[in-house]
Amino acid sequence: MFTFNQNNGILYTGRTMKKIFTVILFFVVLSSLVFPGDILKVGAYTGYFSPKEKLLNEIYGGEDVIYGLKIGVHIWQGFYVFLSGMQYAQVGETLLGDITRLRLNPIDVSLRYTFAFGSVNPYLESGFTYIYFIEKSDIGDTKNRGSGFSVDGGIEFKLSRRFILDVGVKYSQVKVSPGGFDVQLGGFQGGVSFLVIF
């Protein structure tokens with residue numbers, strides 16, 4: 001049975017994500033006032049996430065939509081530090097017929113190098129992934145966290161001086177052990193971001 005049966009870790013609610021994005025928004029506004037133009041890339045992300053964990057796929061049905069926000073800060077000649085926060089939520093049924101709900105909130109900090117070719121610019125990216133997760137079911141709730149790594153690749157299509165369409169793929173690996181056994185919360189995803197340059 002995939003459903004975790006212990007109640008440890010951190011207390012995590014949607015309010016935590018709102019606080020994180022409020023802080024991020026504050027720094028975005030502050031940076032746009034302090035730094036010159038073309039220093040920030042900010043925008044919304046939507047994609048399709050395919051978990052690597054076999055049991056997670058069996059209970060929750062596997063692939064589904066993931067969405068969130070991305071912020072990139074230009075640090076030096078094609079190099080950007082990106083911060084992203086996302087959410088993936090599923091409802092499933094355990095092997096015993098209990099309804100269970102899973103929510104993953106990955107937060108990524110990564111380094112991206114973008115090749116400047118003009119209007120079509122490929123990139124490579126790698127970094128640190130931190131996942132908050134909560135699973136609620138009739139037999140108990142589990143709230144915890146885990147960390148791992150991610151690698152990305154994609155293409156930025158420059159639509160204008162201020163707007164970019166970012167199309168990319170990603171692989172993440174995050175192993176947690178909430179019930180004394182290893183569970184892989186990472187996987188493959190592909191998605192699109194609409195980024196605004198400041």
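The values are calculated or read from the model by the stated rules, or taken from the named source; none is laboratory data. Please read all numbers here as calculations on a predicted model, not as lab measurements. Glycine also receives a Cβ, built like all others from the backbone with ideal geometry; neighbour counts cover every protein chain displayed. For the accessible areas, the whole protein counts, side chains as well, though only heavy atoms, and no ligand, DNA or RNA atoms are used. Shrake-Rupley method; radii C 1.70, N 1.55, O 1.52, S 1.80 Å.
Figures for the structure shown
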quantity: Selection from the range 96-121 of residues that are within 20 Å of Gly168 (Cα to Cα), touching a residue at least 24 places away in the same chain (Cβ under 8 Å) and more than 20 Å from the chain's Cα centre (by Cα); calculated: Phe115, Ala116, Gly118, Ser119, Val120, Asn121
quantity: Residues satisfying the stated conditions in the range 69-81, i.e. buried (at least 17 other Cβ atoms within 10 Å of the Cβ), more than 15 Å from the chain's Cα centre (by Cα) and of a type in the set (A, V, I, L, M, F, W, C); calculated: Val73
quantity: Hits in the range 59-68 (condition: buried (at least 19 other Cβ atoms within 10 Å of the Cβ) and either out of contact with any Ser or Thr (no Cβ under 7 Å at 6 or more places or on another chain) or closer than 15 Å to Tyr130 by Cβ (or both)); calculated: Tyr60, Ile66, Gly68
quantity: Subset of the range 111-137 [among the small types (Gly, Ala, Ser) and more than 20 Å from Gln184 (Cα to Cα)]; calculated: Ala116, Gly118, Ser119
quantity: Candidate set from the range 120-145 (those that are in contact with a Pro (Cβ under 9 Å, 6 or more places away or on another chain) and among the hydroxyl-bearing types (Ser, Thr, Tyr)); member that is farthest from Lys158 (Cα to Cα); calculated: Thr142
quantity: Test: residue in the range 109-130 that is within 20 Å of Glu63 (Cα to Cα), of a type in the set (A, V, I, L, M) and modelled with pLDDT of 90 or more; calculated: no
quantity: Condition met for Asp138 (surrounded by fewer than 14 Cβ atoms within 10 Å (Cβ to Cβ) and closer than 20 Å to Ala89 by Cα); calculated: yes
quantity: Number of positions in the range 45-58 that are open to solvent by 60 Å² or more (accessible area, probe 1.4 Å) and in contact with a Gly (Cβ under 8 Å, 6 or more places away or on another chain); calculated: 3
quantity: Residue in the range 82-124 that is most open to solvent (accessible area, probe 1.4 Å), counting only those that are in a loop (DSSP other than H, G, I, E, B) and in contact with a helix residue (DSSP H, G or I) (Cβ under 9 Å, 6 or more places away or on another chain); calculated: Leu95
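Matching residues to (1) crowded, with 21+ Cβ neighbours inside 10 Å; (2) of a type in the set (S, T, N, Q); (3) more than 22 Å from Thr94 (Cβ to Cβ):
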{"residue": "Phe128", "(1), (2), (3)": "no, no, yes"}
{"residue": "Val151", "(1), (2), (3)": "no, no, yes"}
{"residue": "Phe157", "(1), (2), (3)": "no, no, yes"}
{"residue": "Phe163", "(1), (2), (3)": "no, no, yes"}
{"residue": "Ser172", "(1), (2), (3)": "yes, yes, yes"}
{"residue": "Phe181", "(1), (2), (3)": "no, no, no"}
{"residue": "Leu185", "(1), (2), (3)": "yes, no, no"}
{"residue": "Gln189", "(1), (2), (3)": "yes, yes, yes"}
